[in-house]
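Enquirer: Before anything else, here's the structure in question.
The values are calculated or read from the model by the stated rules, or taken from the named source; none is laboratory data. The structure displayed is predicted, hence computed values, not measured ones. Cβ: placed from backbone, ideal geometry, glycine included. Neighbour counts: every protein chain shown.
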Amino acid sequence: MTTATMPGWHDLFSTTAVTACLRTAASAPSVHNSQPWRFAVHDSGFAVLLDRSRLLPAIDPDGREAWISVGAALLNLRLAVLARGRTPVLQGGPGVAYVEFGPHAVPDATVRTLVEAIPRRHTARAPFSGTPVPWQVVEELRAAAAVEGARLTPLDPVRRDAVLALTRAADERQRESVAYRRELAEWTANRRGRTDGVPTEAYGCLDADGRLPVRDFGLVRPDRFRRADGYEPRPRLMLLSTPGDDITRWVRAGQALQRVLLTATVRGLSTQPMTQALELPDLRELMVSQDGWYPQVLLRIGYGLPGAATPRRSIATMLTG
């Protein structure tokens, strides 16, 4: 059956089901919880676009992290469509991705498990235990990234320490930037009824020993009580990379990232992106692999308490014609 002869969404899903699919998509993680996506509903499926009004020019001037966020929402949408018995046919266009309704499909146990993990996945900004992550689970996370055409590389102790040093240097440079502090203030302002940004309860805490350079969301609000605590001395870091560095690869990285995060959630792991060094071009360049794979996301993984949920905008505000 060609796209032209496929039945429209109203023949496949109820309005309630379409809204549920979009709500699932919008549960994806995004940089500073900026939710930089827009959706359109067509007869043959959904379009997912970048909302340029929600970009963060201080840390993401090229929109790379925003497109990764869009990719994460796209993966959620694919899973939601598949969970409702239709094969999601992914099509690409200039600055837009389409999820079209394909043939009937029976979702397998993996799909059902990943969909169930979507509302439970939250960024964890707190210390993890020292319990090592079994290699079988690490391999499962790597396989999840590979499904989406990305590579997830566990960092050995030497490379881990080098990447942490770069992250620490990036964090220090960002903290000194007026534009960075202004942008952080905007996305951490706790206005009544706010449905985006990082609320106080999701700030996390700082490393009392200063070894782990986690992003300080309370930087511009020193009046807020922020608990400092000791983090694990040997954090498990993994680097997500793509074979190329353009919008197509950024969207691919986002889909791979979300599949990794959901898989980690299923396996009882906590996750935290640590992307400061990837937000400064000169430091990011140092992390490009010798075989030409570009770093997109640095992940800290381990066993710890789940992160706090962050708010979401209404579906109506995300829709476009």
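Enquirer: Let me spell it out: the conditions are (1) farther than 20 Å from VAL31 by Cα; (2) without any contact (Cβ under 8 Å) to a residue 60 or more places away in the chain, and ARG168 meets all of them except one. Which number is the exception?
Expert: Here ARG168 meets the rest and fails (1).
Enquirer: Among the residues of segment 179-196, count how many are under 19 Å from the mean Cα position of the chain (by Cα), surrounded by 18 or more Cβ atoms within 10 Å (Cβ to Cβ) and hydroxyl-bearing (Ser, Thr, Tyr).
Expert: Selection size over segment 179-196: 1.
Enquirer: Next question, about the same structure. For segment 243-270, which positions are in contact (Cβ under 8 Å) with a residue 40 or more places away in the chain and within 28 Å of ALA179 (Cβ to Cβ)?
Expert: Let us first name the residues in segment 243-270 that are in contact (Cβ under 8 Å) with a residue 40 or more places away in the chain, namely 243-245, 247-267, 269-270.
Selection gives ASP245, ILE247, ARG249, TRP250, VAL251, ALA253, GLY254, LEU257.
Enquirer: Can you tell me which of VAL99, VAL106, VAL89 is outside the structural domain of THR275 (by TED's automatic domain parsing), farther than 28 Å from THR310 by Cβ, β-branched (Val, Ile, Thr) and buried (at least 17 other Cβ atoms within 10 Å of the Cβ)?
Expert: Details: VAL99 fails: farther than 28 Å from THR310 by Cβ; VAL106 fails: buried (at least 17 other Cβ atoms within 10 Å of the Cβ).
Step by step, each of VAL99, VAL106, VAL89 is checked, and only VAL89 is outside the structural domain of THR275 (by TED's automatic domain parsing), farther than 28 Å from THR310 by Cβ, β-branched (Val, Ile, Thr) and buried (at least 17 other Cβ atoms within 10 Å of the Cβ).
Enquirer: I've got another one for you. Exactly one of (1) touching a residue at least 24 places away in the same chain (Cβ under 8 Å); (2) not in a helix (DSSP H, G or I) is unmet by LEU90. Its number?
Expert: The one condition LEU90 does not meet is (1).
Enquirer: Sort through GLY268, GLY307, GLY254, GLY292 and tell me the only one that's touching a Phe, Trp or Tyr at 6+ places or on another chain (Cβ under 9 Å) and either over 19 Å from ARG142 (Cβ atoms) or part of a loop (DSSP other than H, G, I, E, B) (or both).
Expert: GLY268
Enquirer: Let me ask another. For VAL214, only one of the following conditions fails: (1) assigned to a loop (DSSP other than H, G, I, E, B); (2) without any contact (Cβ under 8 Å) to a residue 24 or more places away in the chain. What is its number?
Expert: Condition not satisfied by VAL214: (2).
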